[in-house]
Amino acid sequence: MLGFQPYETFQLLIETGGVDRTNTLLIAACDAYARRGRPTPPEMEQFEALAGRLFPIAGSQAKAKGAAILGRAEMLSSALEQLVIDNIGEDLISFLASAKELSEPTMLEIIARYDVPAAATIAARPDLSNVVLAKLFQMNSRKVYRALASNIAIVPRGAYLSALARSAQMDHMVAEALAQRSDFDAALLAPAFFDLSDDHRIKVIRSFMQRATPPAPIRKTIEQLSVANQELTKALMKLFSENRRPEVTRLLSQITGLDEVRCGQIAHDVTGASLFVILRAFGCTAYDGLKVLIHATSHDNDRSRALADFATMFGNVTPESMAYLMSAWRGEVNLLELNKPEYKPFTETSRRTPSQLAPAHNPVVDQAIEALARIGARRAG
């Protein structure tokens, strides 16, 4: 069997050799099986019987070493997997991550133990069944949800989509992992907007381009305020140019209905992403909005390009959708409504479509931004 002594010889050695010889036999047998490649059914059956005799009577160190060696085998039956996870000790995580195949019963047993690090390792595997996924999503663990959010083999839809979106609101690492995925609707990350990196905040805004949204509760607040766009932009330009951000915070709090902590985040967001949401929600055009963003943002490396991207978004994002995003910040909307057909983006982004749209390369837009920058450098308004 397996290129070494017959099974009967091993039986005799087990019965007459004592623990030390059993330890040696266990490690040698596991090593031979691991080197065998894919065993035939009779070979696997014989090895199961042999391993079932050796593991219970071997020493603890030999059990762990034998299980670690056995875990590297190309193919394990459910019984052999069980021997591995029962005896491998500290190397369990490594085994769960590297095993070419894991049976569903083995995964379910690990999850049932509520061993969070082990369950999170399973959650990162590409070969999860629906039964295993359902059990993982039932675990109240950030580590498990972070692994699920990063696992591109899991299609985010239905109940899984809802669970991931809710988790993103409570864990910024889940939100960041989902933002990196091309198959996840970034609009669902709106409540986690301020926890995201700069690029991913822009990605959330872009997800509302060419897209209808449900009525936003905050829209009524905006409509009731008699704030003229020109007066608003002039006031913001002056405050930002003089770096009076605490006063910007108070002004935003007065006109938006958002709490002062959130308005403080917006006032101090030097990327301009959150301020863009406010400006567009109030109906500001690209020309007026860019005048404010020039003073509010810090784009030392590629300022022209960043402002050109905002110019593109002013033209493709409606005030209604940005009001909806503001309402999401306040927890006033059910974002999963965006999955309804009527609220899907009008045009799905093609993989061949550059992530940065044409206006960023339009010399007319570039010249306009440069002119605004020169004006802003001299005075605010």
- Task: Report the FRET efficiency, 1/(1 + (r/R0)^6), for residue 152 and residue 198, where r is their Cβ-Cβ distance and R0 is 25 Å, rounded to 0.05.
- Result: 0.60
- Given 37 °C and 0.692 mPa s, how large is the Stokes-Einstein diffusion coefficient of segment 186-333 in µm²/s, with Rh as the Kirkwood radius over Cα pairs? 219
- Message: If the reach is capped at under 30 angstrom between alpha carbons, list the lysines near residue 203, excluding any in the same chain fewer than eight residues apart.
- Response: 143, 220, 234, 238, 291, 340, 344
- Query: Points 7 angstrom from Cα along the Cβ direction at residue 340 and residue 173: gap in nanometres?
  - Reply: 3.6
- FRET efficiency (residue 100, residue 183; Cβ distance; R0 22 Å; to 0.05) is 0.30
- Using every Cα-Cα pair within segment 102-184, state what percent have a distance larger than 22 Å. 16
- Message: Compute and list, largest first, the equivalent-ellipsoid semi-axes of segment 45-189 from the alpha carbon gyration tensor, each √(5λ) rounded to a whole angstrom.
- Response: 34, 14, 12
- The percentage of Cα-Cα pairs in segment 18-94 separated by more than 19 Å is 24
- For segment 228-292 and segment 15-66, compute the distance between their C-alpha centroids and round to whole Å. 70
- Ranked by how many other beta carbons lie within 10 Å on average, peptides 67-78, 89-100 from highest: 67-78, 89-100
- Once Lys and Arg get +1 and Asp and Glu get -1 on their Cβ, which of 232, 209, 192 lies farthest toward the positive end of the dipole of segment 165-303? 232
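Give me the extension gain from residue 49 to residue 332: residue separation times 0.36 nm, minus the current Cα-Cα distance, reported in nm with one decimal.
Going from the current span to full extension adds 95.7 nm.
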- Message: If R₀ is 22 angstrom, what is the calculated FRET efficiency for the pair residue 254 and residue 316, using the beta carbon separation as r and rounding to 0.05?
- Response: 0.15
- The Rg/Rh figure for segment 135-268, Cα atoms and Kirkwood Rh, to two decimals is 1.06
- Message: Under 18 Å between alpha carbons, and skipping anything fewer than 8 positions from residue 135 in its own chain: which aspartates and glutamates qualify?
- Response: 104, 109, 115, 127
- Task: Quote to one decimal, in nm, the extra length available between residue 57 and residue 140 on full extension: 0.36 nm per residue of separation minus the C-alpha distance between them.
- Result: 26.1 nm
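None of the figures in this text is laboratory data; all of them are computed from the coordinates on show. The model shown is predicted, which means the values in this text are computed figures rather than measured ones. Neighbour counts run over all protein chains shown; Cβ positions are idealised from the backbone, glycine included.
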